[in-house]
Amino acid sequence: MSLSDCKIIELPKIHDPQGNLTFVESDAQVPFGIERAYYVYDVPGGSMRGGHAHKELHQFIVAMSGSFDITLDDGKDKKKFHLARSYYGLYVCPMIWREIDNFSSGSVLMCLASHKYEEADYYREYDEFMRARWAAA
Ligand code: TYD
């Protein structure tokens, strides 16, 4: 899998004068089974999150409130996405380095993930990620 597999996915939006509703289901709107959700909030201005890649984890990242930028890097090419709405998100496949910054004040990042948290699934060193990436290519 590579950068071209990572894409913005627009989610269903049920319009209602009393408020909109959006939903996500396993193997439907996102191309994986969802086993975990986590969210990042109270991010101080100027912070950078991410700075790692995952070996097998699939993720879908949504700006539930506010906005931020996600830069994806497959070891060859880089692509930057601006997330700013709760009715679409970014699908990130395994073996992609990501950096997340430019958080607006009060923003909330929600991530749906294909597996439970496992530190052994992370590449936290860019060099190590690059070596594994090219070994797998
Ligand atoms: P990390 O994935 O590095 O956060 P980010 O990509 O947003 O910068 O995780 C930060 C810390 O939180 C790290 O010590 C691992 C822990 N953590 C969990 O315990 N469970 C989880 O589901 C996640 C995503 C992180």
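For segment 71-98, which residues satisfy the criterion of being in contact with a His (Cβ under 9 Å, 6 or more places away or on another chain) and on the phi < 0 side of the Ramachandran plot?
Applying the first criterion (in contact with a His (Cβ under 9 Å, 6 or more places away or on another chain)) to segment 71-98 yields 91-98.
Listed by number, the residues that qualify are TYR91, VAL92, CYS93, PRO94, ILE96, TRP97, ARG98.
Could you please give the count of residues in segment 36-82 that are in contact (Cβ under 8 Å) with a residue 60 or more places away in the chain and under 10 Å from LEU109 (Cα atoms)?
Total satisfying the criteria: 5.
Would you confirm whether any residue within segment 112-129 is more than 14 Å from the ligand (Cβ to nearest atom) and closer than 24 Å to LEU11 by Cβ?
no
Please verify whether segment 63-71 includes one or more residues that are charged (D, E, K, R) and within 10 Å of the chain's Cα centre (by Cα).
The answer is no, given that none of the residues of segment 63-71 is charged (D, E, K, R) and within 10 Å of the chain's Cα centre (by Cα).
Any idea which residue in segment 116-125 is farthest from LYS78 (Cα to Cα), counting only those that are of a type outside the set (Asp, Glu) and open to solvent by less than 80 Å² (accessible area, probe 1.4 Å)?
ALA120
Could you list, in sequence order, all residues of segment 94-107 that are open to solvent by 40 Å² or more (accessible area, probe 1.4 Å), more than 12 Å from the ligand (Cβ to nearest atom) and touching a residue at least 40 places away in the same chain (Cβ under 8 Å)?
If the condition is that a residue be open to solvent by 40 Å² or more (accessible area, probe 1.4 Å), more than 12 Å from the ligand (Cβ to nearest atom) and touching a residue at least 40 places away in the same chain (Cβ under 8 Å), then SER105, GLY106 are the ones that fit.
The values are calculated or read from the model by the stated rules, or taken from the named source; none is laboratory data. The model shown is predicted, which means the values in this text are computed figures rather than measured ones. Here the Cβ is made from the backbone with ideal geometry for all residues, glycine too, and neighbour counts use every protein chain on show. Quick note on the areas: whole protein, heavy atoms, side chains included, nothing else; ligands and nucleic acids left out. Shrake-Rupley method; radii C 1.70, N 1.55, O 1.52, S 1.80 Å.
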